[in-house]
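Here's the structure, in structure tokens; my notes come after.
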Amino acid sequence: MQKRRLGRGLSQLISGNGLAQSRAVIEVAVERLQPNPYQPREDMSAESLAELAESIQAQGILQPLVVRPAGEGYEIIIGERRWRAAQQSELETVPCIVQEVTNEQALELALIENLQRDDLTCIEEARAYQRLIDEFGFSQEQVGDRVGKSRSAVANTVRLLQLPEEMQISIHKGRISEGHGRALLALVNEPDLLMKVWREVEGKGLSVREAEALVRESKERPEGERKERPVKELAEPDPHLVAIAERLQEVLATRVSIRPKPEGQGTIVLHYHDDEELARLAEFIAPEEGI
């Protein structure tokens, strides 16, 4: 599977002019490693870690971690999932490449690695971009150069942080999409109306197009004059769908989301963390022999 081409790839940052240290691999005791405080990913699925631990037990760690000296040990720049899975596998050491990097480079490397693996939610991306801007003085254009995106794309992603925290969590957890978030941004200067519209969008499972229409209608008409949408409000998750999602997660060994629509249709979303996990899911669901 071809990965997205980013502005300054990992190979250039790790072994190019930016970082000229040795590429020698050394074994480092797992207890001498500590997480990267600049890690942009906020959630690590227990199911995916367990799956990775099984793979490590069978094949070992195929790709070294990238670390930097920190006190009497090392701080992980790239490979925190591998380190955590190695702990679950009760490995004593893991292969590492040691690099001398700045805090800015540590965030940049971790951000690019996760983006190359499509491993961040849009909220995690937005927060990582904002850290580059706030802590290291990057412009939005410079951030775009680093990650291979346009300035406007970076700006649109960062704008999601204007939404209240509970709405950011809703996007991060997949209850509403980035497109819903963009639609809700039109109401950020009207917090009471924004909260009402968000609750309706999430509670009724509106599509992005329906959410956009609701935002327009809410700005043009008082709430009492809006037409009631013929959809069933979902105050609580359907326990039947929750049970089905849990069964699928157990069989597939990955996180599964079921997003119902009022008309009885819906979407099943399978979450994966890297190309290897995607290939495993594809082989499980549709083996090549059976195609």
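The values are calculated or read from the model by the stated rules, or taken from the named source; none is laboratory data. Quantities reported herein were computed from a predicted structural model and do not represent experimental measurements. Cβ: placed from backbone, ideal geometry, glycine included. Neighbour counts: every protein chain shown.
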Quiz item: What number of residues within segment 54-80 are farther than 19 Å from residue 105 by Cβ and crowded, with 20+ Cβ neighbours inside 10 Å?
Solution: 1
Exercise. Look at segment 33-55 and say how many of its residues are more than 23 Å from residue 122 (Cβ to Cβ) and touching a strand residue (DSSP E or B) at 6+ places or on another chain (Cβ under 9 Å).
Key: 2
Exercise. From the list 201, 197, 215, pick out the single residue that is β-branched (Val, Ile, Thr), without any contact (Cβ under 8 Å) to a residue 24 or more places away in the chain, crowded, with 17+ Cβ neighbours inside 10 Å and not assigned by TED's automatic domain parsing to the domain that holds residue 255.
Key: 197
Quiz item: Right, residue 277: under 20 Å from the mean Cα position of the chain (by Cα), modelled with pLDDT under 75 and surrounded by 11 or more Cβ atoms within 10 Å (Cβ to Cβ) or not?
Solution: yes
Quiz item: What are the residue pairs meeting all of these: first residue in segment 234-253, first residue under 27 Å from residue 282 (Cβ atoms), second residue of a type in the set (Asp, Glu) and at pLDDT 70 or above, Cβ atoms under 7 Å, and 6 or more apart or on different chains?
Solution: 249/47; 253/47; 253/51
Practice problem: Return the only residue of 133, 123 being over 30 Å from residue 50 (Cα atoms), in a helix (DSSP H, G or I) and out of contact with any Cys (no Cβ under 6 Å at 6 or more places or on another chain). | Solution: 133
